[in-house]
Amino acid sequence: MATYEYSCSRCGAFDVRLPIGAAPTRQSCPRCSAPARRVYSSPALVSTSPAVTALREKEERSRENPAVVTRVPPRRTAQRPPHPAVARLPRP
């Protein structure tokens, strides 16, 4: 379902939810039943979280001005937590 905006000359703007691609150019106004014309507006865009926005900005900056690497970074060994079954094993 998509939300389509219509404008009535008497009552003003109103929204109608219809299946995508099924919006007629004229729709009757829900208040006065006068014919209203369809208004084309920008789509409702979802805003992203600040963390996602920061990552996208960092990626954009790295395209034009990538970080220069002067040496190989040190290898990090990841400490894996022991499996819970290891505690139940017999000890010598």
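The values are calculated or read from the model by the stated rules, or taken from the named source; none is laboratory data. Because the structure is predicted, anything quoted here is derived from the model rather than measured. Neighbour counts run over all protein chains shown; Cβ positions are idealised from the backbone, glycine included. Please note that ligands, DNA and RNA were not included when accessible areas were found on the heavy atoms of the full protein model with its side chains. Shrake-Rupley method; radii C 1.70, N 1.55, O 1.52, S 1.80 Å.
Things worth noting here:
- On the beta carbon distance between residue 55 and residue 83, with R0 = 25 Å, the FRET formula returns roughly 0.15.
- The chymotrypsin sites (Phe, Trp or Tyr not before Pro) found in the range 1-62 that occupy coil by DSSP, while having at most 12 further C-beta atoms within 10 Å, are 40.
- Three-way shape label, the chain, alpha-carbon gyration tensor, a/c 1.5: oblate
- Ranking 3, 53 by solvent-accessible area of protein heavy atoms (1.4 Å probe, all protein chains present), from largest to smallest, gives 3, 53.
- Ordered by 1.4 Å accessible area with all protein chains kept, 16, 68 run largest first as 68, 16.
- In Hz, Karplus ³J(HN,Hα) per residue of the range 76-92 (6.51, -1.76, 1.60; θ = phi - 60°; x = Gly, Pro): 9, 9, 7, 7, 8, x, x, 5, x, 6, 5, 5, 8, 5, x, 9, x
- Gyration tensor verdict on the range 35-88 (Cα atoms; rounded if a/c is under 1.5, prolate if a/b is larger than b/c, oblate otherwise): oblate
- Ranking of 46, 39 by solvent-accessible surface, largest first: 46, 39 (1.4 Å probe, protein heavy atoms only, all chains present).
- Sequence-distant residues sharing a close amide H with residue 36 (under 5 Å, placed H): 27, 28, 29
- Estimated distance in nm for a label pair at residue 26 and residue 11, the labels positioned 7 Å out from Cα along Cα-to-Cβ: 1.7 nm
- C-alpha long axis of helix 50-64 to longest principal axis of the chain, angle in °: 80 degrees
- Loop-resident trypsin sites (Lys or Arg not before Pro) (DSSP state other than H, G, I, E or B) in the range 3-92 with no more than 15 further Cβ atoms inside 10 Å of their Cβ: 10, 31, 71, 75, 76.
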